[in-house]
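**Q** The structure follows.
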Amino acid sequence: MPRPSRDLATIIKTARMRYERNLSQGDIAKALGVSAATVSRYLAQAFERGLIEVRVVESAYREFRIERELQLAFGLEEVIVVQTQGTEEATLRVLGSAAGRAIIAHIGEGTMVGVSNGTSMAAVTAEMPRIDAPSTNVVTLIGGVGQAESESHTTEICRRFAQATGGQSRILPLPALLESKEMLDVLRGTEAYRVLSDLYARLDLAVVGVGSLTPDSSTVRDGLFTADQLRQIAEHGGVGTICARFIDGSGAPVKAFEDRTISITFEQLLAVPSRFGIAAGPEKVAAIRAALSGGLLTSLATDTETAAQLLRREAAA
């Protein structure tokens, strides 16, 4: 005859006594008036039901020496460097966890946060710890890119970020790239556009991804720009992108598609007190270094391979 399922409340109580109060199984058995074997079964059921998660904290993956080197080399306020993992997905997961915890520490009552799009940003929002800051406002820094239901879409990132803080999301319901300059001119005259500009002027923190101009970049995959368009921008000195706006090797703006783009401008971004960049991968080294050289970022989260290449390039400059 199959054993009946343990009482859920008792299983949860047992798990909390073991992993929150750090009691031994023997002490738990005495407190509950059961055998140690029964406590062991309760804990096994807690794992089976997904009530307990065991994970290595992100600080175990961090490289503090490299963080200090990057901080000194580029004059940054804060640097997060995690060990490169076996796959890009695994690296982003660890990076998202470490960056998410660092970013949450900057958020308090009334904080105004701006967020961009992209896979790195999606990793951050997926791993962020939850806090209770209901007066937080989270604003999209760029119009929609890609499929609206995608985890890397600006709307989804903004919504998830707001959920993590317990705050409100302020979403820009427009595409990142309009079909013509005339459409942007019309939008600039609307009340919605003026409200957005006012929100950008009040930002305390901007959290952005840094993109490369490679044919397999997320902007190409999501259909924002074609590989040929990025190649042309690269021929004019472009090396990277932030919020669908392009920069050259020194971090200066590259004038391309600006009269059709819906996103925070570099001038507006530079006015934000704290600017946290999230980016990893060898293909992004030139773009990250340009963003740092141009002062577009005050903090950076990346992985060891990317950090090592950044330091080598800076030392050789």
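Nothing in this text is a laboratory measurement; each read-out follows from the coordinates by a stated rule. Values in this document were obtained by computation on a predicted structure and should not be read as measured data. Cβ atoms come from the backbone with ideal geometry, glycine included; neighbour counts cover every protein chain shown.
**Q** How high is the relative contact order of the chain? Use alpha-carbon pairs under 8 Å, at least six apart in sequence, and give a whole percent.
**A** Worked out over the chain, it gives 17 percent.
**Q** At a 10 angstrom cut-off on C-beta neighbours, averaged per residue, how do the peptides 28-36, 286-294, 224-232 rank from highest to lowest?
**A** Peptide ranking by packing, descending: 286-294, 224-232, 28-36.
**Q** Follow-up. Out of all DSSP beta bridges in the chain, what portion is antiparallel? Express it as a percent rounded to 5.
**A** 30
**Q** Could you sort the peptides 39-45, 91-97 by per-residue average Cβ neighbour count (10 Å cutoff), highest mean leading?
**A** Going from most to least packed, we get 91-97, 39-45.
**Q** Just to verify a number: FRET efficiency for R194 and D259, C-beta to C-beta distance, R0 = 25 Å, to 0.05?
**A** Given R0 = 25 Å and the Cβ-Cβ separation, E is 0.85.
**Q** Between E77 and T226, what FRET efficiency follows from the Cβ-Cβ distance if R0 is 45 Å, with the result rounded to 0.05?
**A** Calculated transfer efficiency: 0.80.
**Q** Okay, next question. Given a Förster radius of 22 Å and the C-beta distance between R130 and D27 as r, what FRET efficiency does 1/(1 + (r/R0)^6) yield to the nearest 0.05?
**A** Computed FRET efficiency for R130 and D27: 0.15.
**Q** What shape does the stretch 58-316 have by the C-alpha gyration tensor, where a ≥ b ≥ c are the square roots of the eigenvalues, rounded means a/c under 1.5, and otherwise prolate means a/b greater than b/c and oblate the rest?
**A** Taking the square roots of the gyration eigenvalues as a ≥ b ≥ c, the stretch 58-316 is oblate.
**Q** Which residues does the label zone of E182 cover in the stretch 222-263, counting backbone N under 20 Å from a point 7 Å along Cα→Cβ?
**A** Zone members listed by number: 257-262.
**Q** Which of the lysines could a cross-linker span from K13 if the Cα-Cα distance has to be under 30 Å and same-chain partners fewer than 8 positions apart are dropped?
**A** Leaving aside lysines fewer than 8 places away in the same chain, those within reach of K13 are K30.
**Q** Can you tell me how much longer the chain between R49 and Q85 gets when fully stretched, taken as 0.36 nm per residue apart minus their C-alpha distance, in nm with one decimal?
**A** Contour length minus Cα-Cα distance gives 10.1 nm.
**Q** Divide by every residue of the chain the summed helix terms, -39500 (n - 2.57) for each DSSP H run of at least 4, and state the resulting mean residue ellipticity at 222 nm, rounded to the nearest 500 deg cm²/dmol.
**A** -13000 deg cm²/dmol
**Q** With axes computed from alpha carbons, what is the tilt in degrees of helix 191-201 against the longest principal axis of the chain, rounded to the nearest 10 within 0 to 90?
**A** The answer is roughly 70 degrees.
**Q** Can you tell me the relative contact order of the stretch 266-317? Whole percent, Cα pairs under 8 Å, sequence separation 6 or more.
**A** 42
**Q** While we're looking at this one, here's another question. Rank by packing, highest mean first: peptides 130-136, 274-280, 103-109, with packing defined as the count of other Cβ atoms within 10 Å averaged across residues.
**A** 274-280, 103-109, 130-136
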